[in-house]
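See below for the structure under consideration.
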Amino acid sequence: MPRNRLPAVWTVLSLVILFCDAAAQAPAPSRGAMGPLPRVHFLATGGTISNRAGGRLTAEDLVKLIPPLETYAQPEFEQFSNVASSALTLDQYLKLARRINELFEQDKTLAGVVITSGTDTMEELAYFLHLTVRDFRPVVVVGAMRNASTIGYEGPANLLEGFRVAASRAAAGNGVMVVLNDEINSAREVTKTDALRLHTFQSRIYGVLGVVDADRVSFYRAPVKRHTAKSEFDVKKIETLPRVDVIMVYQDASGDLITAAAANGARGIVVAGAGAGATTSSQREAINAVAQKGVVVVMGTRTGSGRIAPGTDQAPSGGERRRNTVAAEDLAPVKARILLMLALAKTHDLAEIQRMFSEY
Ligand code: ASP
């Protein structure tokens, strides 16, 4: 290219980058200015956001609580269930993932999906959907810490923000997000850190993906691990999920619970290890015994963050610790369980399962 054309090329490139950035961070379009508002499908599953003295709020009731919604999106609503998050079964998880995939497959103009859930196990539902929804469009999980009969009920604020994120073009490609308290977290990293406080959802060392403010939805980073549209897990092909249990390491813990889990039908066990994956010797013996019978054991950490590396360990006993097991990488034990259930629905090959733990 002739040298004198370079400045012109740079100018055009800068304008394109500026335009893309502005479009991604733009406030929600207003009706009339840019055609019809984005359509967002809302699935309500229950949780504190629906709790009220005298009976639970329905999806329709919840939408009525947020009149400003009509500035941002056209809602469609559906009652999937109306229970606490801990009461949802794994069969309902599969059904919900299939329903979202069906919505996206059948409706190419749908902008995104919002789901309300109880907050207790929300991070598990969100990560399950992050691995099983096969579309690039945003899926946002929302809840509340205070119920609708409480002063300071923040359900409507969180739900409106969830709709705004699902309607936002900038959210596409980020997989499943958890939106509460004005913050957007990735399903993979978010965890409930406090039993009662409003700021309970944190992505710990990684931080938020973005924030929701009065003027706009802003993103600062994007998830880099495989998820949603790039996931290999197909819930159409999974009838039921195999049993996987989570067992914690603590001082002088017996291996009996590991043995019992396997005897009761667990096809996989996630061990929430001490530090970088330590167990007691009784647990180590039990792990070796169940692994020989074909139970897949994944080593994680109970510390709340940090990575368990495949096949290596800094401790002198590391080789022994890693034998027969898959490393959870930086997944929290409850999320490692979700990934292990999906992995076991496809394969029992340890190397293949380790690949999945390194990629997702
Ligand atoms: N018990 C509720 C649940 O998880 C808690 C909540 O929604 O905040 O369903």
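Which number gives the lysine pairs in the chain that have C-alpha atoms under 23 Å apart and are eight or more places apart or on different chains?
Lysine pairs meeting the criterion: 23.
Please pull out the direction-averaged projected area of the chain, using the convex hull of its alpha-carbon atoms, in nm² to one decimal place.
Its Cα hull, projected and averaged over all orientations, spans 22.5 nm².
Over the chain, what relative contact order in percent results from Cα pairs under 8 Å that are six or more residues apart? Present the calculation step by step, with values, prior to reporting the outcome.
On the way: 728 pairs, mean separation 47.8, N = 360.
Computed over the chain, the figure is 13 percent.
Please compute the per residue accessible area over region 177-222 with all protein chains in place, 1.4 Å probe, rounded to a whole number of Å². Don't skip to the end; give the middle numbers.
Details: 2110 Å² over 46 residues.
Ligands and nucleic acids excluded, the figure is 46 Å² per residue.
Give me Rg over Rh for region 35-75, both radii from the alpha carbons and Rh done the Kirkwood way, two decimal places. Write down the numbers at each step before the final one.
Numbers: Rg = 11.9 Å, Rh = 11.4 Å.
So for region 35-75, dividing Rg by the Kirkwood Rh gives 1.05.
When the convex hull of the Cα atoms of region 61-214 is projected onto a plane and the area is averaged over all directions, what value comes out in nm²? Before the final figure, lay out each step's value.
On the way: hull surface 34.9 nm².
For region 61-214, the mean projected area of the Cα convex hull comes to 8.7 nm².
Before rounding to the nearest 500, sum -39500 (n - 2.57) across all DSSP H runs of length at least 4 in the chain and divide by the residue total; then give [θ] at 222 nm in deg cm²/dmol. Don't skip to the end; give the middle numbers.
Values: 10 runs with 113 residues, N = 360.
The helix-only estimate for the chain comes to -9500 deg cm²/dmol at 222 nm.
Going by amide H atoms built from the backbone, whose H comes under 5 Å of the H on V326, apart from near neighbours?
Correct list: V297, V298, M299.
For the chain, what % of the accessible area comes from carbon and sulfur atoms, probe 1.4 Å? Write out the running numbers ahead of the final one.
On the way: 9010 of 16490 Å².
Roughly 55 percent, rounded to a whole number.
Top to bottom by accessible area (1.4 Å), largest first, where do D91, D330 land? Write out the running numbers ahead of the final one.
Values: D91 90, D330 40 Å².
Largest accessible area first, the residues go D91, D330.
With both partners inside region 207-324, how many of the DSSP beta bridges are antiparallel, as a percent to the nearest 5? Write out the running numbers ahead of the final one.
Values: 4 of 15 bridges.
Taking every DSSP beta bridge within region 207-324, about 25 percent pair in antiparallel fashion.
Can you give me the pair-distance distribution of region 222-282, C-alpha pairs, 5 Å bins, whole percents?
With a bin width of 5 Å, the distribution comes to 4, 14, 18, 15, 14, 13, 12, 8, 1.
Among Q106, Q251, Q202, determine the one that fluctuates most according to a GNM of the chain built with springs between C-alpha atoms less than 10 Å apart.
Looking only at Q106, Q251, Q202, the biggest GNM fluctuation is shown by Q251.
Lys and Arg at +1, Asp and Glu at -1: add these up for the other residues within a Cβ distance under 9 Å of L180 and post the number. Working shown, then result.
Details: positive: none; negative: E154, E161, D182, E183.
Residues near L180 contribute -4 overall.
Considering only protein heavy atoms, what per residue accessible area in square angstrom results for region 39-164 with a 1.4 angstrom probe? Walk me through the numbers before you get to the answer.
Details: 4620 Å² over 126 residues.
Accessible surface, normalised per residue, equals 37 Å².
Quick one: of the DSSP bridges fully inside the chain, what percent are antiparallel, nearest 5?
On the way: 13 of 47 bridges.
That works out to approximately 30 percent antiparallel.
Along the principal axes of its C-alpha atoms, what lengths does region 160-247 span, in descending order and rounded to whole Å?
Principal-axis extents of region 160-247 (Cα, largest first): 44, 32, 24 Å.
The values are calculated or read from the model by the stated rules, or taken from the named source; none is laboratory data. Quick caveat, the model's predicted, so the values are computed rather than measured. Note that each Cβ is placed from the backbone with ideal geometry, even for glycine, and that neighbours are counted across all protein chains shown. Each accessible area value is taken on the protein alone, full model and side chains, heavy atoms only, with ligands, DNA and RNA left out. Shrake-Rupley method; radii C 1.70, N 1.55, O 1.52, S 1.80 Å.
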